[in-house]
Amino acid sequence: MATSTGPQSPTAKLAIGVGMLALAAGSAVFGLRETRLTCTPAACETVQSYPTSRTRQDLAEIHAVEVHQSSGKQRGVYIVSLIDTKGASIRVHSAGQTGAETFKRELEELLAGQRQRIEVVTPPIYWMLAFAALLVLFAVYEIREAIRSWGKYARPARTRAAGRPIVLWGALTVGALVVAVTGNYFLERSMADSTGVLQLECRHRCEFSNSTCLPGGAMEVRLNPGEYEVKVWNPAAPSSWEPHKVRVELGTQTRFVCEPGR
């Protein structure tokens, strides 16, 4: 009788084959999708094909356009966002750096009444279809092998020694969690005796210490006693930011509501 172990079992092969088919279907849909972004003075509308979807963003309350670089593995992608009266960031387009800067400039001209229409078309990625075809071939091979070996597979005997690494790793994980929680508790207790807490309620967009809090969000920071600056988004202010001074006292919680004119 033919025997195999672990990932060579028919069940595992069948699962891999079905997973590859699902991935191939997703790749085919992604490869055939065309995205058309059309902006007029009234709104920006995004239409995606295969499957069809349509989104619309009204431009009546938009006062600025920003470009930010993505983080992680997509650092080459730049995101174009619309900023409304409260400072909320609404993603509308993404491209390379040059394309994003160009689209930002065109949007600013549109909002200023210097343009009547912008259209950006992202064509299908046809090479994804070749990738999907390879996935289908691999899936068919795995499913065929699973069917051919069904009934011939003998599950290896499980010994007591085989389970010891799992128990050891489980004990180490629990121990690490206990140490981390205990250390964090004592660190918080020691910091509470020499600091205060600043709580931000973000009704409008605000920035503090190189961090951004968007409308509807909140932020809590433990700080040394002293005076700090919080910047609140206000389209009517110079450079669209309104600075505020907030004083943090020792051992107290200071609450600040981010909205203009406070």
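Throughout, read-outs are computed from the coordinates displayed, never taken from laboratory work. A quick note: this is a predicted structure, and the numbers were derived from the prediction, not measured. Glycine also receives a Cβ, built like all others from the backbone with ideal geometry; neighbour counts cover every protein chain displayed.
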Given a Förster distance of 25 Å, the FRET efficiency implied by the Cβ-Cβ spacing of Ile118 and Ala60, rounded to the nearest 0.05, works out to 0.90
What does the extension gain come out to for Leu14 and Ala133, with contour length at 0.36 nm per residue minus their alpha carbon separation? 41.0 nm
Below 8 Å, C-alpha to C-alpha, sequence gap of six or more: please give me the relative contact order for the range 196-257 in percent. 41 percent
How far is it, in nm, from the label point at Glu229 to the one at Tyr50 when both lie 7 Å from their Cα along the line to the Cβ? 5.2 nm
If the cut-off is 19 Å between C-alpha atoms, which aspartates and glutamates fall inside it for Lys13, apart from same-chain ones fewer than 8 positions away? Glu142, Glu145
Figure the gain on full extension for Gln253 and Gln97 (residue separation times 0.36 nm, minus the Cα-Cα span) and round it to one decimal in nm. 52.0 nm
Got a sec? Which residues in the range 7-42 would a label at Tyr141 touch, if it sits 7 Å along Cα→Cβ and we count backbone N under 19 Å? 7-25
